[in-house]
Amino acid sequence: MLQVWNLDKKLSENHTFHLENISFHIPKGYICGLIGENGAGKTTLMRVLMGLYHASGNIVIDGHDLKLDEAAAKESLGLVFEEGFFQGEMSLEQIGIFYGQLYRRFEMEIYLSYLEQFGLDKKQKYKKLSKGMKTKTQFAFALSHDAKLFLLDEPTAGLDKHFREEFLRICAKLVSDGERSVLISSHITEDLDRIADYIAYMQDGKLLFFLPKDELCEQFWIATGEDYKCGLIPEEAVVYKEKNPYSTSVMVANRKRFPMDEALEKHTPDIREFMHYFVKGGKQNAETVAEKYLKK
Ligand SMILES: Nc1ncnc2c1ncn2[C@@H]1O[C@H](COP(=O)(O)OP(=O)(O)OP(=O)(O)O)[C@@H](O)[C@H]1O
């Protein structure tokens, strides 16, 4: 559904930020979570995929090359991102009438029914909406023109708990017939734990890895217990060791290979724990661990 090869983009005149040689492939019917620290380049990558920034390399969306067949590629995209592209002066109904013309398969009735389902007033001006309401409007629109690839940049950040649930449920349903895919960036890792099939991890403009979520987490243990027992784990397997008042916890890479003391409690990390230990271990370490254990 989304194929990306060798994307390269330098931002700003003095090139302080560089999106470097990014390649990955999201198959049809899957959700990919895009994670990384602040400033890692997630939004920049999303903007390149949306066609808002030009970059070298190739992007193919639902079989359409973004450079050679821009209109068809963009028609396949459903977008939610911070600024959005709607004019603030328009009412939500006018947004449907105006922007709907840009999409051959847009259906006003579907859009209006999503506005209603999301509790939005179609007569309200877009600029008067709260951040979460703007996200809902963008999502309603994205769901109404038969998009195939949904690019959702931090969509859940401004949503209340109830709608966040609904949002995740709709995302999961979207891909269930195997015809659509979703790329979602988020700092709310529980959301990705629940719905993501793949995890893409960015650091300093590079994609450190792109892997099925379960395969990623099952590379690691979090071992907890007495400090000296944690100290017996071979150093090359330790991603990060954290001392707590009563015990020590270690994230261990390549877990099948490294034996550890039976008395240590161990569990598979979720995405939040994975991020915590991976980030705490430092950038150099993250790069080494990714290179050694996570590159395919
Ligand atoms: N228009 C721009 N011109 C120059 N530099 C920019 C521009 N937009 C972003 N940057 C820089 O590019 C880098 C990546 O920013 P980006 O917004 O892509 O990160 P992010 O991973 O989405 O971060 P966050 O999690 O905080 O949203 C940052 O160092 C940022 O300062």
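The values are calculated or read from the model by the stated rules, or taken from the named source; none is laboratory data. These figures come from a predicted structure and were not determined experimentally. Don't worry about glycine lacking a Cβ; one is built from the backbone with ideal geometry, like all the others, and counts go over all protein chains shown. Each accessible area value is taken on the protein alone, full model and side chains, heavy atoms only, with ligands, DNA and RNA left out. Shrake-Rupley method; radii C 1.70, N 1.55, O 1.52, S 1.80 Å.
If you stretched the chain out fully between residue 292 and residue 117, how much longer would it get, using 0.36 nm times the residue separation minus the C-alpha to C-alpha distance?
Going from the current span to full extension adds 58.3 nm.
Using a probe radius of 1.4 Å on heavy atoms only, what accessible surface per residue do you get for the chain? Whole Å² is fine.
48
Nonpolar atom fraction for the range 219-294, defined as the carbon and sulfur part of the 1.4 Å probe accessible area, stands at 47 percent.
Among the listed pairs 74/173; 42/134; 122/148; 28/125, a Cα-Cα separation exceeding 29 Å is found for 28/125.
Sites listed here are trypsin sites (Lys or Arg not before Pro) in the range 1-89 whose DSSP assignment is loop and whose Cβ has at most 15 other Cβ atoms within 10 Å: 28, 67.
Diffusion of the range 89-144 by Stokes-Einstein, at 10 °C in a medium of 1.306 mPa s and with Rh set to the Kirkwood radius over alpha-carbon pairs, works out to 146 µm²/s.
Size descriptors for the range 219-294, from the alpha-carbon set: Rg then Dmax equal 11.4, 33 Å.
Of the residues 275, 49, 247, the one whose Cα sits farthest toward the positive end of the charge dipole of the chain, with +1 on the Cβ of Lys and Arg and -1 on the Cβ of Asp and Glu, is 49.
DSSP beta bridges confined to the chain are antiparallel in about 65 percent of cases.
The lysines within cross-link reach of residue 241, meaning a Cα-to-Cα straight distance under 27 Å and a gap of 8 or more places when in the same chain, are 206, 213, 229, 256, 266, 280, 283, 292, 295, 296. The loop-placed chymotrypsin sites (Phe, Trp or Tyr not before Pro) in the range 197-255, going by DSSP, that have at most 10 neighbouring Cβ atoms within 10 Å of their Cβ come out as 246. For residue 179, the accessible area of its heavy atoms, probed at 1.4 Å with every protein chain present, is near 80 square angstrom. Across the chain, the mean sequence separation of Cα contacts (distance under 8 Å, 6 or more residues apart), normalised by length, yields a relative contact order of 20 percent.
Remark: the chain projects, on average over all directions, an area of 17.2 nm² (convex hull of Cα atoms). Looking at the range 206-292, the trypsin sites (Lys or Arg not before Pro) that sit in a DSSP loop and have at most 10 other Cβ atoms within 10 Å of their own Cβ are 256. Taking the centroid of alpha carbons for each part, the range 139-179 and the range 210-242 are 33 Å apart. Descending by average beta-carbon neighbour count within 10 Å, the peptides 31-37, 259-265 line up as 31-37, 259-265, the highest first.
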